[in-house]
Amino acid sequence: MIAPLSKILSNSEEVFDFVVNEGHGVKGLCDIGIQALPKQYIQPLEERITTSIVITDDSIPIIDASNWDDPKVADQICEAAQNWGFFQVINHGVSIEVLDNIKETSHRFFNLPTKEKKKYTKENSVSSNVRYGTSFTPEAEKTLGWRDYLSLVHISDDEATSFWPTSCREEALEYLKSCDTLMRKILKLLMGGLNVREIDEEKEELLMGLKRINFNYYPKCPNPELSVGVGRHSDISTITILLQDDIGGLYVKKHETNVLIHIPPVNGALVINIGDALQIMSNDKYKSVEHCVIANGSNNRVSVPIFLHPKATSVIGPLKEVLQNGEKPIYKQILYADYTNIFFNKGHDGKDTIELAKI
């Protein structure tokens, strides 16, 4: 039974209970016709994305990957990783049909009844590798983000078939499989820029020992100028491969500035960004960059990132190949499980997590 709208709006605990504990998410608030933003979604002034901090005459590189063996592609990818931390790739080998299918799958999952989605909340999911939730870490956040999500960790196809939701598991597995060559090609080129000539089994575990695919849902927001979809953060992955829909809303901080750049949706493109793990491994040659997602007042937006992570048991630090010519390490060696625990036990706060890994 949904409580009367007036009651939900008059009590912060009621809102939190409805959205988080009952599993309705922010989509549930939209479905009951909410007209004003609940106060726990109203961002402080310094966290709002305003035109004063956005520039429109610049954007991240768009790289044509139709020939992975072209030395120019390697140069462009490594240069973008150093100077921007973000780039888009086109002609990457993943078909438009696969991309469109996974976007449709995202909408289909979030349009399921709450009782179906709630099977996958932290309290109810039979697997810790399947998680439906809202915002980022609601219990630890001062202000909530206008986003619902489904997170799927890939251990094996058999495990996914057993535990992932039936409404999206085949499509998610197909998408991961379709992106496999792309992931490996990009990592190979990035490693080449760090003097790593071969990705052996040990390096592969370090770079992509764990894969996670997220379905993000950003429903229409009643007061988008007061809220955000996802607050300022950098990813903790080695790299992230992001599929946007055609609505847009991703903003990236330009390196060594305080201005934000919109990442315009490009049909068929995938957005690649460097995560903290690779910034640490590269000893700051490659940059993980702060980014955020705006709330939208007119459309329901979806995005689908694939995060490539080291294994939880991996120890990350500057690679020996990076330090072989006498370069001093900026970061200590840190267990990746410890790094992820720090990240997921607090709200988004820019790039504060990586500071804790410095010597």
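Identify, from the list Ser303, Ser237, Ser298, the residue that is in a loop (DSSP other than H, G, I, E, B), small (Gly, Ala, Ser) and surrounded by 21 or more Cβ atoms within 10 Å (Cβ to Cβ). Unique residue meeting the criteria: Ser237. Among the residues of the stretch 132-156, those identified as farther than 14 Å from His24 by Cα and at pLDDT 95 or above are Ser151, Leu152, Val153, His154. From the list Ala81, Ala65, the lone residue that is in contact (Cβ under 8 Å) with a residue 40 or more places away in the chain, open to solvent by less than 30 Å² (accessible area, probe 1.4 Å), under 18 Å from Asp235 (Cα atoms) and among the small types (Gly, Ala, Ser) is Ala81. Within the stretch 306-348, which residues are within 30 Å of Ser135 (Cβ to Cβ), part of a loop (DSSP other than H, G, I, E, B) and modelled with pLDDT under 90? Hits for the stretch 306-348 are Asn345, Lys346, Gly347, His348. The set of residues from the stretch 240-258 being more than 12 Å from the chain's Cα centre (by Cα) and assigned to a strand (DSSP E or B) comprises Tyr251, Val252, Lys253.
As a summary of the residue check, Ser125 satisfies the conditions (1) farther than 20 Å from Val15 by Cα; (2) of a type outside the set (A, V, I, L, M, F, W, C); (3) in contact with a helix residue (DSSP H, G or I) (Cβ under 8 Å, 6 or more places away or on another chain); (4) part of a helix (DSSP H, G or I) except for the one numbered (4). Comparison of Ser52, Ser10, Ser66 shows that the only residue that is modelled with pLDDT of 90 or more and at negative phi is Ser66. In the stretch 329-342, the residue that is farthest from the chain's Cα centre (by Cα) out of those that are of a type outside the set (S, T, N, Q) and open to solvent by 50 Å² or more (accessible area, probe 1.4 Å) is Pro329.
With the condition kept exactly as written, say whether any residue in the stretch 87-104 is hydroxyl-bearing (Ser, Thr, Tyr) and open to solvent by 60 Å² or more (accessible area, probe 1.4 Å). No: the stretch 87-104 contains no residue that is hydroxyl-bearing (Ser, Thr, Tyr) and open to solvent by 60 Å² or more (accessible area, probe 1.4 Å). For the stretch 237-274, the set of residues classified as farther than 22 Å from His92 by Cβ and touching a residue at least 60 places away in the same chain (Cβ under 8 Å) consists of Tyr251, Lys254, His255, Asn258, Val259, Leu260, listed by residue number.
Within the stretch 306-325, not a single residue is within 20 Å of the chain's Cα centre (by Cα), charged (D, E, K, R) and under 17 Å from Arg147 (Cβ atoms). When you scan the stretch 263-284, do you find a residue that is assigned to a loop (DSSP other than H, G, I, E, B), open to solvent by 10 Å² or more (accessible area, probe 1.4 Å), in contact with a strand residue (DSSP E or B) (Cβ under 9 Å, 6 or more places away or on another chain) and closer than 22 Å to Ala337 by Cα, even just one? Yes, the stretch 263-284 contains at least one residue that is assigned to a loop (DSSP other than H, G, I, E, B), open to solvent by 10 Å² or more (accessible area, probe 1.4 Å), in contact with a strand residue (DSSP E or B) (Cβ under 9 Å, 6 or more places away or on another chain) and closer than 22 Å to Ala337 by Cα.
Within the stretch 214-226, the set of residues being surrounded by 23 or more Cβ atoms within 10 Å (Cβ to Cβ) and in contact with a Leu (Cβ under 6 Å, 6 or more places away or on another chain) comprises just one member, Phe215.
Inside the stretch 306-328, residues that are open to solvent by 60 Å² or more (accessible area, probe 1.4 Å) and within 17 Å of Leu356 (Cα to Cα) make up a count of 1. When the stretch 84-99 is filtered for residues that are touching a residue at least 24 places away in the same chain (Cβ under 8 Å) and either more than 15 Å from Leu182 (Cα to Cα) or not in a helix (DSSP H, G or I) (or both), the ones remaining, listed by number, are Trp84, Gly85, Phe86, Phe87, Gln88, Val89, Ile90, Asn91, His92, Gly93, Val94, Ser95.
Scan the stretch 192-208 and give yes if some residue there is charged (D, E, K, R) and touching a strand residue (DSSP E or B) at 6+ places or on another chain (Cβ under 9 Å), otherwise no. Looking for residues that are charged (D, E, K, R) and touching a strand residue (DSSP E or B) at 6+ places or on another chain (Cβ under 9 Å), one finds none in the stretch 192-208, hence no. Picking from residues in the stretch 139-183 that are charged (D, E, K, R) and under 16 Å from the mean Cα position of the chain (by Cα), the one that is least open to solvent (accessible area, probe 1.4 Å) is Asp148.
Among the residues of the stretch 185-213, those identified as open to solvent by 10 Å² or more (accessible area, probe 1.4 Å) and in a strand (DSSP E or B) are Leu210, Lys211, Arg212.
The values are calculated or read from the model by the stated rules, or taken from the named source; none is laboratory data. Only a predicted model underlies this, so the values are computations on that prediction, with no experimental measurement involved. Positions of Cβ are generated from backbone atoms using ideal geometry, with glycine treated the same way; all protein chains shown enter the neighbour counts. Heavy atoms of the whole protein, side chains included, go into the accessibility calculation; ligands, DNA and RNA do not. Shrake-Rupley method; radii C 1.70, N 1.55, O 1.52, S 1.80 Å.
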